[in-house]
Ligand SMILES: Cc1ncc(COP(=O)(O)O)c(C=O)c1O
């Protein structure tokens, strides 16, 4: 102790509340029950309970280690080859390349924060409209960037379907011309409920009519129906507007969670506007993390540069997607077979890693306290974290909390 306690500025601080999702993992790790299950955080697990490194990633890393010549800084906007691949995954040929600026970011979260900083610093006054419910971190990221977020309706009162009328009504009547609107490109988190192709057209029409800036969060490309299939909704919106921002993540579809690989793709109305926007995005990055990490982007680019590795990636991604679909089906069937009369058939049409179970916060608490099964308070279950071997244990526990 070198100074009087009155000079300890940190000692006046209060403890911040734990993150809604990552905080559950801390509680899970501290739980001594050997049968505990963590179905909260959005991470894919294989049949052995591991989050595997994809074979295509291992092959790309081997190649990179052999060929890598420098650890020098990347440019502020990242690795050119990677940025071109992101552009090709997200967009079709209908938008001229000189209207699209892509920057590499640390994960999808980094992309959202850069996008939020861009909206606030360049387009104020602006608000962003976010669906109810949405990924818990959206609100936190926008608040940290001082971007005002307002809710629009999404999930219906039945908690099983999209209330498209309420959503369109809010976007038409509550937004101001020029506001931003956050749309989940596919595999809506936490509900797994996506608009149909026809509903995307209606959404795109309102977005265009109100000159809203769509901020498309595209964290699960390939986890819904396929790489190209999952871009259909997003491209419908892009067809209707001249300006948009897409935030990509390769955490899930390449299993590169800890490598922090994402991107912001900005579409402008012409090449000059695109250049100016890119320069502002780069300024935001320079004063934040300066330039992105190299390794994850280099892996993605190495895989997508090579036809063989790309085919391997597509196959591994398909395997993950199909396993999740199978587990979702197993859960529905095993719930039926508990004989408790709980019909989870509505989960079958949900997309992506998660199922929005309809369990109440009290039931979620009971699952944790009595059965050491951890799911998010909204009732969102990470299907990708389920396992065949523990399916009966899970379903019996769910049935028991629904009955109590
Ligand atoms: C909807 C949504 N957006 C963005 C992200 C952020 O992804 P990343 O882990 O790449 O930061 C996630 C991650 O769970 C997500 O669910």
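The values are calculated or read from the model by the stated rules, or taken from the named source; none is laboratory data. In this text the structure is predicted, and so the values were computed from the model without any measurement. FYI the Cβ positions are ideal-geometry reconstructions off the backbone, even for glycines, and counts take in every protein chain you see.
Below, the figures for the structure above:
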| read-out | value |
| --- | --- |
| Residue within segment 214-233 that is part of a loop (DSSP other than H, G, I, E, B) and more than 26 Å from residue 316 (Cβ to Cβ) present | no |
| Selection status of residue 72, within 18 Å of the chain's Cα centre (by Cα) and over 20 Å from residue 267 (Cβ atoms) | no |
| Among the candidates 197, 166, residue that is in contact with a helix residue (DSSP H, G or I) (Cβ under 9 Å, 6 or more places away or on another chain), surrounded by fewer than 23 Cβ atoms within 10 Å (Cβ to Cβ) and modelled with pLDDT of 95 or more | 197 |
| Selection status of residue 251, in a loop (DSSP other than H, G, I, E, B) and within 11 Å of the ligand (Cβ to nearest atom) | yes |
| The lone exception for residue 340 - which of (1) outside any helix (DSSP H, G or I); (2) buried (at least 23 other Cβ atoms within 10 Å of the Cβ) it fails | (2) |
| Which listed residue, of 207, 267, 232, is touching a residue at least 12 places away in the same chain (Cβ under 8 Å), out of contact with any strand residue (DSSP E or B) (no Cβ under 7 Å at 6 or more places or on another chain) and away from the ligand (no atom under 13 Å from the Cβ) | 232 |
| Residue match in segment 54-65 (condition: buried (at least 22 other Cβ atoms within 10 Å of the Cβ) and under 17 Å from the mean Cα position of the chain (by Cα)) | no |
| Matching residues, segment 200-213, being in a helix (DSSP H, G or I) and crowded, with 17+ Cβ neighbours inside 10 Å | 200, 202, 203, 204, 206, 207 |
| Helices (runs of 4 or more DSSP H) (entirely within segment 89-193) containing at least 1 residues that are away from the ligand (no atom under 16 Å from the Cβ) | 107-123, 164-173 |
